[in-house]
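Notes follow once the structure below has been shown.
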Amino acid sequence: QVQLVESGGGLVQAGGSLRLSCAASGRTFNIYAMGWFRQTPGKEREIVAAISWNSFSTYYTDSVKGRFTISRDNAKNTVYLQMDNLKPEDTAVYYCNVGPSITTISGRTFASWGQGTQVTVSS
């Protein structure tokens, strides 16, 4: 059974930073893309960033480009999301998941969704 555990969320003022972590267990994810998603009440979950299995390629949604950085440590089956210059509109529950590639992960993921980690940015 695949398990994903997100952590690192919290309350931060606008302009601040947070680093999210996602630890994956139960399967080897070294050959798959990993991604971060977020969801706010009443809205669909959206892709925020994704990274290829070898870290050579990354994807960011336009609203976070230049502020967020995704990285991964395959030895630890962990993916990170460094979030800088946070804005109130970044407030959401953040989730991670694994998928076939950075171009398809937004529509196809392999694992059950975890509980996510809440990020709240105050103005």
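The values are calculated or read from the model by the stated rules, or taken from the named source; none is laboratory data. The structure presented is a predicted model; accordingly, all values stated were derived computationally and were not measured. In this analysis, Cβ positions are derived from the backbone assuming ideal geometry, glycine residues included, and neighbour counts consider all displayed protein chains. Heads up: the accessible areas ignore ligands, DNA and RNA and are worked out on the full protein's heavy atoms, side chains in. Shrake-Rupley method; radii C 1.70, N 1.55, O 1.52, S 1.80 Å.
Some notes on this structure:
- Residue in the stretch 97-116 that is at pLDDT 95 or above and charged (D, E, K, R) present: no
- When V79, V121 are checked against the criterion of being without any contact (Cβ under 8 Å) to a residue 60 or more places away in the chain and in contact with a Ser or Thr (Cβ under 8 Å, 6 or more places away or on another chain), a single residue qualifies: V79.
- Scanning the stretch 47-95 for residues that are exposed (fewer than 14 other Cβ atoms within 10 Å of the Cβ) and under 21 Å from S112 (Cα atoms) returns D73, K76.
- All positions within the stretch 96-117 that are open to solvent by 40 Å² or more (accessible area, probe 1.4 Å) and small (G, A, S): S106, G107, S112
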